[in-house]
Amino acid sequence: METLQAILLGLVQGITEFLPVSSSGHLQIAKELLGVEIENNITFDVTLHAATVLSTILVLWRELWRLIQGAFSRSFNDEQAYILKVVLSMIPAGVVGVCFADQIEALFSSLWFVGAMLLLTAALLSFAYYAKPRQKQTISYRDAFLIGCAQALATMPGLSRSGSTIATGLILGNDKSSVANFSFIMVIPVILGKMLLDIVSGDMATMSVPTPALVAGFLSAFVSGALACKFMIEIVKRGRLIWFAVYCAVVGLLCLVCSF
């Protein structure tokens, strides 16, 4: 892999990790367009995910610091309740990751499946845009679990994680700002857990990507991810998800056409 290719893939990962357009789907499409083959190279994927985790922490550090401080309180408080909801939201993704990892991995080579899931993402975003439920200021434990179920389903390539979780939260009637923050905070432990499993498995021992390209990809994903995270939070607050639905529908159709 060349450094320029790593930078472009980092940009794709950083931007699409937070925009509701599916980072996994777009990363697969980008690899196809660039002619990049990095089969079984867990190191590169882990590096890009680490960059997006750090960008999330950078953007939401005040919220995260408040949660850390509240976690050590002797009396049960809102921060501890929030952390419990995040933990609850992780359970579905953990079950899917442990039980169906190989089956999901096999789907990444299917362009038509990516296209179909992008169309499903478009449908979810459209439904969330036109639905007008009552706005709840606090995410309940039930809603946290259901949003976690959406996150678990979004492990499939082409089904946007942020799009699925945000759309689910909005459809359940939660406040836009609260859903956006929860969606981005809840993914931090999931990505960190996935990174830990990849490291423990020993798959990172072999690396076919040169170090300069790896560093370039990391920096590219980190900078673009931080900008995309801030941008997406504002977009959700303003309720303009419909344009992403149109985009996902167009790209999804193109994928289906190209695959056949």
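Put a plus charge on the Cβ of each Lys and Arg, a minus charge on the Cβ of each Asp and Glu, and nothing anywhere else: the dipole of the chain about its Cα centre is then about 1220 debye. Mark the label point 7 Å from the Cα of GLN103 along Cα→Cβ and return the residues of the stretch 144-169 whose backbone N is within less than 13 Å of it. Label zone hits: 153, 156. Candidates LEU64, THR138, VAL114 compared by Cα position along the dipole of the chain: farthest toward the positive end lies THR138, with charges placed on Cβ.
Seen against the Cα atoms of the chain and their longest principal axis, helix 78-107 is set at about 30 degrees.
Relative to the longest principal axis of the Cα atoms of the chain, the long axis of helix 161-171 lies at roughly 30 degrees.
Shown for the stretch 3-259: lysine pairs separated by 8 or more places, or found on different chains, whose C-alpha atoms are under 28 Å apart, numbering 18.
Over the stretch 3-259, Cα pairs under 8 Å with separation of 6+ residues give a relative contact order of 40 percent.
Calculated [222 nm] ellipticity per residue, helices only, for the chain: -26500 deg cm²/dmol; basis is -39500 (n - 2.57) per DSSP H run with n ≥ 4, divided by all residues, nearest 500.
Summing charges over all other residues whose Cβ lies under 12 Å from the Cβ of LEU27, with Lys and Arg as +1 and Asp and Glu as -1, gives -2. Computed extension gain for LEU253 through PHE76, at 0.36 nm per residue and net of the alpha carbon distance, reaches 58.8 nm. Modelled label-to-label distance, SER177 and GLU234, 7 Å Cα→beta-carbon offset: nm? If labels sit at SER177 and GLU234, their model points lie 1.5 nm apart.
Once the Cβ-Cβ distance of GLU32 and LEU64 is raised to the sixth power relative to R0 = 22 Å, the FRET efficiency obtained is 0.05. Note on THR138 and SER110: their simple-model spin labels are 4.3 nm apart, each label 7 Å out from Cα toward Cβ. Anyone know which of PHE76, PHE127, PHE222 comes out most mobile in the 10 Å Cα GNM of the chain? The residue with the greatest mean-square fluctuation here is PHE76. Converting phi to 3J(HN,Hα) with the Karplus coefficients 6.51, -1.76 and 1.60 and the offset θ = phi - 60°, the stretch 218-229 yields 4, 5, 5, 5, 5, 5, 5, x, 4, 5, 5, 4 Hz in sequence order, with x at every glycine or proline. Under a 5 Å amide H cut-off, with hydrogens placed 1.01 Å from N, LYS136 pairs with ASN174, ASP175 among residues at least 5 apart or on other chains.
Readers should treat all values here as calculations from the given coordinates under stated rules, not as data from a laboratory. Here the structure is a predicted model, which means the values were calculated and not measured. Cβ atoms come from the backbone with ideal geometry, glycine included; neighbour counts cover every protein chain shown.
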